[in-house]
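Throughout, read-outs are computed from the coordinates displayed, never taken from laboratory work. These numbers were taken from a predicted model, which means no experiment stands behind them. Because the Cβ atoms are built from the backbone with ideal geometry, glycine has one as well, and the counts that use them run over all protein chains shown.
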Amino acid sequence: MVEYQYAIVPTGFTEDKWVQAVEVRPTERSVVHHIIAYIREPGSNYFKDQKPGVFFEAPRVNPVENVDTSALPSDFLVGYAPGQPAEILPAGEAKLIKAGSDIVFEVHYTPNGKAVMDRTKLGLVFAKEPPKKRVQTLSSSNGTFKIPPSDPNYRVDASFEIRKPVTLASLHPHMHARGKDFEYRVVFPNGETRTILRVPQYNWHWQLWYNLAKPIDLPPGARIECTAHFDNSANNPENPDPTKTVIWGQQSWDEMMVGFFNLVYDPMISPKDLLARKKDNAKLKASEASN
């Protein structure tokens, strides 16, 4: 087992940069489960005491504390997993890297018994002019589940409430070996519910981004709801151990339930205004637990 490896790389940007296209790519794919490149803005507390330019492991969370660590820790720039393409945004849309920001690389290595070298690379294409719309990757996630041993169809739900006018542009479900299926729905303030993506046979070996042919405008009060099912039975050939209760965890024999999505919005809106307050999140978790 190799714990997640992190490295902080200063951008050295002296002015804000708008990113039109971006890709993170390993050179030794056989031992890389996934990579995420996060943007750490100046003043962020994310790994604030860690030195840049060296690999390190994140401090472990005490499982007794029952803390939901499924939320994104910082601004998601781009990710890599088998099947995941480069992110190429439409004209007039871009992601923002502020001046003085760092890039935090999260790399999950999975040894295969052979000594190899990986030199992960990040490529950026900057927009030629400030965009009309800003793009941000957020997620609807649930890290509090406990999948019982031998359960063939365990359900986990998550929800994200929209707080400002945005447009939903693309989707990316993420689970591990027990992931069975994944569904996204949009629930509008008037109660209308629209299923926008069903992945009936999830394959964790080939994880895709799904770009909506017609992006969906979402008003404040709308919700992005996600439902996933997990097969923890012996009938699942990918299952590492059907006798175990499975919880959220970073390793591939643990599980995750994350519904990533890209929101497009007015650059004048603060990203913080898109996120639900902690009090709202607490109410949501309590509501999901009671259902």
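Assorted remarks:
- Rounded to the nearest 20, the Cβ-based charge dipole of the chain about its Cα centre (Lys and Arg +1, Asp and Glu -1) stands at 440 debye.
- Short-range pairs are left out: with C-alpha atoms under 8 Å and at least six residues apart, the relative contact order of the range 132-291 is 40 percent.
- Between 45, 249, 227, the Cα set farthest toward the positive side of the dipole of the chain (charges on each charged residue's Cβ, about the Cα centre) is that of 45.
- Taking other C-beta atoms within 10 angstrom as a stand-in for reagent exposure, 274, 138 fall in the order 274, 138, fewest first.
- Across the range 253-266, computed HN-Hα scalar couplings (Karplus, 6.51 cos²θ - 1.76 cosθ + 1.60, θ = phi - 60°) run 7, 7, 10, 9, 9, 9, x, 5, 7, 9, 10, 10, 7, 4 Hz from first to last residue, x flagging Gly and Pro.
- Once both labels are positioned 7 Å from their Cα atoms along Cα-to-Cβ, the gap between residue 98 and residue 119 label points is 3.3 nm.
- Take 187-196, 24-33, 259-268 and order them by the average number of nearby Cβ atoms within 10 Å per residue, most first; the result is 259-268, 24-33, 187-196.
- With neighbours defined as other Cβ atoms within 10 Å of a residue's Cβ, the residues 253, 248, 206, 18 order from fewest to most as 206, 253, 18, 248.
- Close lysine pairs were tallied over the range 132-291: pairs 8 or more places apart or on different chains with Cα atoms under 24 Å apart number 22.
- Sequence-distant aspartates and glutamates (8 or more away, or on other chains) whose Cα lies within less than 18 Å of residue 114: 3, 28
- Counted charge near residue 55, where neighbours are those whose Cβ lies closer than 14 Å (Asp, Glu -1; Lys, Arg +1): -2
- Sequentially through the range 95-112, phi angles give Karplus couplings (6.51, -1.76, 1.60; θ = phi - 60°) of 9, 9, 10, 6, 4, x, 6, 10, 9, 9, 8, 10, 10, 9, 8, 10, x, 10 Hz, Gly and Pro residues having no value and appearing as x.
- Here's how it looks for residue 176: its modeled amide H is under 5 Å from those of 256, which are all 5 or more places away or on a different chain.
- In order through the range 127-135: 3J(HN,Hα) via Karplus (6.51 cos²θ - 1.76 cosθ + 1.60), integer Hz, x for Gly, Pro: 5, 6, 8, x, x, 7, 9, 9, 10
- Mean residue ellipticity (222 nm) of the chain, computed from DSSP H runs ≥ 4 via -39,500 (n - 2.57), nearest 500: -1500 deg cm²/dmol
- Neighbourhood net charge (14 Å Cβ-Cβ; Lys/Arg +1, Asp/Glu -1) for residue 133: 0
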